[in-house]
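Where a number appears in this text, it was derived from the coordinates with a stated rule and is not lab data. No experiment lies behind these values; they were computed from the predicted model shown. Using ideal geometry, Cβ is built from the backbone for each residue, glycine included, and neighbour counts are taken over all protein chains shown.
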Amino acid sequence: MTIQVGDKIPEVTLAHMTESGPQPITTADIFAGKKVVLFAVPGAFTPTCSAKHLPGFVAHADAIRAKGVDTIACLSVNDAFVMDAWGKDQGVGDKVLMLADGSAAFTKAVDLVLDLTDRGFGVRSDRYAMIVEDGTVTALNREAPGAFEVSSAEAVLERL
């Protein structure tokens, strides 16, 4: 069943890039005791994700943090090397934590899967943004297929 407002984030291990290479990071590490904005994209380096979604969160990072957000995280069903390269390409710096869900473990656990197998892309994540407070989902903005309206940085700012 798809995660809903009021649900706890499942315990899953993701990956992120550090100076010493890819490292595991658990959902407890990310969400416990923190206010987090997590947004997910179907794929790094894809058109809407690169032209609008990630750049919006980079541009509005200070305003989002000013609303009491500890971490802004971007998740995609890609590996840590791809997420790191995409973050560098987009000038993310330390504004957004780039999370790799390489095997779609988190995406499947929250049931926000976008199956693009018939188009040659395999299993991806739906496009969404959620606000999570101490591991509990307090807002979830899931896009309709092909849309980019409710998960933008501007939409998240309005919810905060």
Subject >> Reachable aspartates and glutamates from Lys108, criterion Cα separation under 13 angstrom, eight or more residues apart if same chain >> reply: Glu11, Asp126
**OP:** Just list whichever of Lys35/Lys95; Lys8/Lys52; Lys52/Lys88 have alpha carbons separated by over 25 Å in the model shown.
**Re:** Lys8/Lys52
Subject >> Which of Met83, Phe39, Ile3, positive extreme of dipole for the chain (C-beta unit charges) >> reply: Phe39
Original post:
Which order results if Ser76, Ser151 are arranged by neighbouring Cβ count within 10 Å, fewest first?
Top reply: Ser151, Ser76
Original post:
In nm, what is the difference between 0.36 nm times the number of residues separating Asp134 and Lys108 and their Cα-Cα distance?
Top reply: 7.3 nm
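As a check on your grasp of the helix formula, calculate [θ] at 222 nm for the chain: sum -39500 (n - 2.57) over DSSP H runs of n ≥ 4, divide by the residue count, round to the nearest 500. Before the final figure, lay out each step's value.
On the way: 6 runs with 38 residues, N = 160.
The per-residue figure over the chain is -5500 deg cm²/dmol.
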Subject >> Charge-dipole axis of the chain as Lys and Arg at +1 and Asp and Glu at -1 on Cβ define it, positive-most pick from Thr27, Tyr128, Ala15 >> reply: Tyr128
Original post:
Tell me, how many Å apart are the Cα centres for the stretch 139-160 and for the stretch 120-138?
Top reply: 11 Å
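Quick one: order Val123, Val12 by neighbouring beta-carbon count within 10 Å, fewest to most. Mind showing how you got there, number by number?
Details: Val123 14, Val12 18.
Lowest count first: Val123, Val12.
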Original post:
Ser125's amide H: which non-local residues (gap 5+, or another chain) put their own amide H closer than 5 Å, with H modeled 1.01 Å from N in plane and none for Pro or chain starts?
Top reply: Val77, Leu114
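So what is the relative contact order for the stretch 1-147, in percent, with contacts set as C-alpha pairs under 8 Å and at least six apart?
Working: 290 pairs, mean separation 49.6, N = 147.
Normalised by residue count, the contact order of the stretch 1-147 is 34 percent.
With the convex hull built on the Cα atoms of the chain, state its orientation-averaged projected area in nm². Can you show the working numbers first?
Details: hull surface 33.8 nm².
Averaged projected area of the chain's Cα convex hull equals 8.4 nm².
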